[in-house]
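Colleague: The structure under discussion is supplied below as structure tokens; questions concerning it will follow.
The values are calculated or read from the model by the stated rules, or taken from the named source; none is laboratory data. What you are looking at is a predicted structure, and each value in this text was computed from that prediction instead of being measured. Don't worry about glycine lacking a Cβ; one is built from the backbone with ideal geometry, like all the others, and counts go over all protein chains shown. The area values use the complete protein model at the heavy-atom level, side chains included, leaving out ligands, DNA and RNA. Shrake-Rupley method; radii C 1.70, N 1.55, O 1.52, S 1.80 Å.
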Amino acid sequence: QRVRDGDEKAKLFEHAGIFHGEAGHDGEPEDKIEAFEEFLLSSDGAAIDIAMLKFSCSDISRSTDVTRVLDAYAGAVDRIRRARPKLELVHATAPLREPDHGTRAAIRRMAGAGSDAANATRGRFNEALRKRFAGEVFFDIARAESIRPDGTEVTVLVKGERWPALASEHGRGARELTDQGRTMLGRELLLSLSACCGE
């Protein structure tokens, strides 16, 4: 359910459920991190048992300073855990976009622009996130999005390195997930949340 402001939000948290709401502004990951921390340390946030911050594609672009964003996130996680030791945090990898296609895509790749370059930055961020919080619970969006139904992985080649990209079976364009993609990610989310609930 979507989180709303005011009295409706307070009443919403009186019942068990999975809730989602906006944090900060798209394209500003540090703003989202700050809003996420502020909410969890508020009186409303005290009612939450499990929490996760999900970035959007626009939050991690080709020009993103991966180290800066990761350090900001890790700092917030540390402060939240010190203030809310019983709260379970689930880490989410940044989502991906489809590989570039066609002549224009080739030109963008030559210029170091386009979806492939952005996916490479997201790949670096996701690898660093997994390493920083190794052994903890993840909703690995990027991993799930890049695997086709037949088990093969979709990748893009950027400056001699291969990075995961969104499989066409799971999504089209910049933001639209297919029914299969939504079902797949819903299943992965539930598996991640169940890992926080014990046996």
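Colleague: Using unit Cβ charges (K, R positive; D, E negative) and no other charged atoms, how large, in debye to the nearest 20, is the dipole of region 44-105 about its Cα centre?
Modeller: Dipole of region 44-105, to the nearest 20 debye: 120 debye.
Colleague: Taking H placed 1.01 Å from N in the peptide plane, check which residues at least 5 places from residue 92 or on another chain put their amide H under 5 Å from its amide H.
Modeller: Excluding prolines and chain starts, which carry no amide H, the hits are 53, 139.
Colleague: A follow-up question, please. Would you grab the residues whose amide H sits under 5 Å from the one on residue 171? Only those 5+ places off in sequence or on another chain, please, with H modelled 1.01 Å from N.
Modeller: Under 5 Å from the amide H of residue 171 lie the amide H atoms of 178, each far enough along the sequence or on another chain.
Colleague: Estimate the FRET efficiency between residue 193 and residue 159 by the formula 1/(1 + (r/R0)^6), using the beta-carbon distance for r and 41 Å for R0, to the nearest 0.05.
Modeller: The value I calculate is 0.65.
Colleague: Moving on. At 1.4 Å probe size, what's the solvent-accessible area of residue 43? Round to the nearest 10 Å².
Modeller: Counting only protein heavy atoms, residue 43 exposes about 110 Å² to solvent.
Colleague: For residue 25 and residue 178, what does the FRET efficiency come to when R0 = 25 Å and r is the distance between their Cβ atoms, rounded to the nearest 0.05?
Modeller: 0.40
Colleague: How big is the gap, in Å, between the Cα center of region 45-73 and the Cα center of region 147-199?
Modeller: Region 45-73 and region 147-199 have Cα centres separated by 18 Å.
Colleague: Please work out how much length the chain gains when fully extended from residue 49 to residue 65, using 0.36 nm per residue of separation minus the C-alpha to C-alpha distance, in nm with one decimal.
Modeller: Value of the extension gain: 2.7 nm.
Colleague: Continuing with this model, one more query. Between residue 127 and residue 34, how many nm apart are label points set 7 Å from Cα along the C-beta direction?
Modeller: 3.1 nm
Colleague: Under the Karplus relation 6.51 cos²θ - 1.76 cosθ + 1.60, θ = phi - 60°, what is the ordered set of whole-Hz ³J(HN,Hα) values for region 154-164, x standing for Gly and Pro?
Modeller: 8, 9, 10, 9, 10, 6, x, 10, 9, 10, x
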